[in-house]
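Read through the structure below, which is laid out as structure tokens, and then see the notes.
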Amino acid sequence: MNDPTPPEIPHTSNRAITILRIVLWFLPAIIFPVCFVVLASLVYGQNLQSPLWLLIPFVPTLCVIYALGLFDQKLRCQQQGIPYRNRDPGRIPWALTFLLFQFLVAPVLAVTVAFGFCAVMGFA
């Protein structure tokens, strides 16, 4: 008796997508400080006295990181061979998970890079 469903073709990982996903996971370590400093300096030039001005650079930064999470989810689906019709249900939770993990990954990576820079320059 033959099986009516064809056997699954093993899916091999694409090296370029893997490298791009690694870069996407490390990118917020640069985006958080740069966006925060640039946007905060623009807002600080307006002489705002309220502490709520910190939310102004924080919200666009979160939006950029969320967009990176959506792009990472697209790459993950493409890498795992998930058909296009099945991509949408996990899109928002994956992007939110990516965003929440960046609160752990980005500061650790930024401090590590800053410490390494100081060590190489002879400050540490």
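Rule-based calculations on the coordinates, nothing more; no lab input. Note that the structure is a prediction, hence the values are computed from the model and not measured. For neighbour counting, all protein chains shown are included, and Cβ atoms are generated from backbone atoms with ideal geometry for every residue, glycine included.
The value for the range 60-119 of Rg(Cα) / (2.2 N^0.38 Å) is 1.40. By the beta-carbon count within 10 Å of each Cβ, the least crowded to most crowded order of ARG15, ARG21, fewest first, is ARG15, ARG21.
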